[in-house]
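Structure record follows, encoded as structure tokens.
The values are calculated or read from the model by the stated rules, or taken from the named source; none is laboratory data. In this text the structure is predicted, and so the values were computed from the model without any measurement. Heads up, the Cβs are rebuilt from the backbone with ideal geometry, glycines too, and the neighbour counts pull from every protein chain shown. For the accessible areas, the whole protein counts, side chains as well, though only heavy atoms, and no ligand, DNA or RNA atoms are used. Shrake-Rupley method; radii C 1.70, N 1.55, O 1.52, S 1.80 Å.
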Amino acid sequence: MLRGEEALAAAQPSRLVPRQLSAGIGDFTGRAHEVGVLGELLRTAGAARAVVVCAIAGMGGVGKTTLAVHAAHELAEAFLDGQLQVNLRGIDAPLDPAEVLERFLRVLGVDGSSVPEGVEERAAMYRTRLAGKRMLILLDNAAGEQQVRPLLPGTPGCAVLITSRVRLAGLEGAHHLDLAVLEPDQALGLLAHVVGAERLALDPAAAAEIARLCGHLPLGIRIAGARLAAHPLWPLGRMARLLDDERRRLDELNVGDLGVRASLGLSYEGLATGARRLYRLLGTLTTPDFAGWAAAALLDAGHEQTDAHLAALVEARLLDDAGIDATGQPRYRFHDLVRLHAKERADEEEPPGAARAAVIRALATWLGLAEQADRRLPGRIFEPRRGDAPRRLPPPELTGGLLAEPLAWFSAERAALRAAVQQAAGLDLAGLCWELANAAVNFHDLSDHYDDWESATRTGLTTCERSGDRRGQAVMLRNLAQWSRFSPVNADAMALEEAHAALRPFRELGDLTGEVDALVLISGAHLALGDPAQAMEAGAEAGAKARAHGYALGQAEAGYLMGFCHRVLTQFEQAGEELERGMRLAAGAGLTHQLARLLALLGVVRREQGRYAEAQEHLAGGIALARQLGNRAGEINLQVNLGITHLASSDPRARQVLETSLSLARRGNSTFDEALSLRGLGELELREGRYDAARENTSAALAMWRDLGSPYQEAQSLKILGQVHAAAGRPQAAGAAWTNAVALFQKIGNEAETAAVTALLAKRPP
């Protein structure tokens, strides 16, 4: 009998160890960190107390299957009893777990007639067959937890690797790996593997552009690379140019049976009706990211319903979580190729005019919130202006929370507002365009966002000129004149021209508030250009009209300029009276921004009168207000003047404060305050007998004042530079500097300084 059993055993073939893993990709690139994480987790299966489950989630085309197969091959030797693999077709036509279990049981040696009927019975037999074995099961493209659960082993030793477009958060005990697009260098590495490193080296800039236009998505890069490989004579720049056309990019990213559009289409078709419509409408927005309230405005639906649709889009990996913004709201963003697909769906599926109406609702909501946030800011340079553009607000309970900290809301929406202005311009919505640009100007001033300020204002102006919106043109010109004060080239001349251009339509429209604003800007430009007489004329007119109109902000601004004019003309008593009057008005009207500026200038005036204790008190008060406003530029300017006040009063803190203000000005790209700090340090070095350092600092300041076109400050620097030369024994150089200073002081009508420097010239040794 024993001899017979041995013979029977010898006659039966040995059971094959299942090795079902599909072929790995020879040009697998990057993902070293992810491969390491999966390897570390899955290798613990032999010693673990439970089945090790790793679930990889990510958008279509991001390389989930490629990563999983590569990692599984790397780990094959750790699972000597074999590897099982199945495509669960979750995003297309999900396989029934019962069908998958039948396949696995047959591979595990169960005769077809012995496979039970029900899924529970099959799962039980499957777990029995796997008990005590070391096997790796790769479940690719899972639809969800319900599809996967029956396919999990029941005892330790085995490991399961799952890929899915949705995050299987309900899978108990699973380790989750969310797969993002490739890093730029990894994307270039993948393109090099497909096309050839030598070919990429011929035009690395075009290669980087191809990777960028593919959104660093592995599927897109593979397709672009395959097309280049099929056309070996094409320069890389040709592929980059083809992809640069957004309208055709998805058409270009298609080769053989691979296509980004088809991959995204599977995810899209799997959505419910409401989520599909939100996806389409979101594709019409050009903002880089957005909060849920913007999505609700697009959909014209309630926030709970919209949040549910957003959650579905995130789960389907058609939308990315972009974190929590400064107001506590979740934000979302599209991958570039997904946004193009969504826009394409909107163009083809939305009724005529529906997408445009949805965008207008969203832009109107941004405007409504920006307007309300602007009114709540701690300081402003202009009063709010209202045109005819539509505006909307979310429900009051949501609006209140969003705008509890208006600066935080503006910070959260800064990039979105920039894009909203551009999109309104592209749709020829002039009213929305200029009102959105204008609603953020006080925020830009407080936060020193000068690039955003200029870009939005110029876009608004161009759009208003094209549409003939005179009020919008006037407001944009006024805002541009104010911005020009911070421009490093011909700033004051540009400001004067733009302010005059704004004044004309304001007068035509009978807009007295706008007229006062323009006159204030004209006054300031004349003052900076060295014409205090013209500045006082415009400032006096602005003040009179502001008082007649009851325009408190205009009165405060006009008072500041009148005080500045008197200070430039060394009429310190009159300057102090104007500034103190302006301070009382600003304090009474709650104009914190204007109060800080008035305090700063009054501090300078008191310093020049030799009333140093008062000067320090005013400047310290201005610093406190600037910090309260979050106005970094204003605080730096006040710090500079405090350092100069310390210098004038021989306070030993002068050097530390001036060196700190110089560093802050350079970090903040404030040329004006950098020049003030350098001149103050030059004067300090002069007092301490370090003439070379004094000349270097003062000369640097002088060059900056000349670039800025500020004759008063240039003359003051020449006066100090002459003193440096005289102290260092260079009378001829001193005479040249003082002669130039006298000419400038005479030009701006400053008789006191003209006399003072003339006296220095008279005392100069031959």
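What the table shows:
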item	result
Accessible solvent surface per residue of the chain, calculated while the other protein chains remain in place, 1.4 angstrom probe, Å²	42 Å²
Candidate residues Lys763, Lys747: accessible-area rank, largest first, probe 1.4 Å	Lys763, Lys747
Euclidean distance between Cα centres, segment 270-330 to segment 14-72, Å	32 Å
Considering only the chain, percent of DSSP beta bridges that pair antiparallel, nearest 5	25 percent
Under 12 Å, Cβ to Cβ, from Leu310 - net charge with Lys/Arg +1 and Asp/Glu -1	-3
Carbon/sulfur fraction of accessible area - segment 392-444, other protein chains in place, 1.4 Å, %	57 percent
Protein accessible area in segment 16-166, 1.4 Å probe - carbon and sulfur %	50 percent
Prolate/oblate/rounded label for the chain (Cα gyration tensor, a/c 1.5)	prolate
Shape box of segment 580-738 [Cα atoms, principal axes, largest first, Å]	54, 31, 27
Mean projection area, nm², convex hull over Cα of segment 129-273	11.7 nm²
Cα gyration tensor category, rounded, prolate or oblate, for segment 685-766 with a/c compared to 1.5	oblate
Ratio of Rg to Rh over segment 16-122 (Cα coordinates, Kirkwood Rh, two decimals)	0.98
Heavy-atom accessible area ranking, 1.4 Å probe, most first, across Phe572, Phe672, Phe410	Phe672, Phe572, Phe410
Cα shape, segment 330-454, gyration tensor, a/c 1.5 rule	prolate
Rough spin-label spacing in nm, given labels placed 7 Å along Cα→Cβ, for Thr286 and Leu509	2.4 nm
Bins of 5 Å, starting at 0 and running to the largest distance - Cα pair percent for segment 45-190	2, 10, 19, 21, 21, 14, 7, 3, 2, 1, 0
Mean separation of Cα contacts under 8 Å (6+ apart) over length of segment 293-430, as relative contact order %	25 percent
The chain - percent relative contact order, Cα under 8 Å, separation 6 or more	7 percent
Two-decimal log10 I(q)/I(0) for segment 243-298, as the Debye equation yields it once each C-alpha is a single scatterer, q = 0.16, 0.18, 0.25, 0.27 Å⁻¹	-0.65, -0.79, -1.07, -1.09
Alpha-carbon centroid distance for the pair segment 119-134 / segment 595-620, whole angstrom	85 Å
D_trans [Stokes-Einstein, Kirkwood Rh over alpha-carbon pairs] for segment 144-185, 37 °C, 0.692 mPa s, µm² s⁻¹	268 µm²/s
Euclidean distance between Cα centres, segment 358-410 to segment 525-574, Å	32 Å
Carbon and sulfur %, accessible surface of segment 583-709 computed with the full protein complex present, 1.4 Å	49 percent
Segment 215-322: C-alpha pair distances exceeding 21 Å, %	46 percent
Partner lysines for Lys763 [C-alpha distance under 26 Å; skip if fewer than 8 residues away on the same chain]	Lys719, Lys747
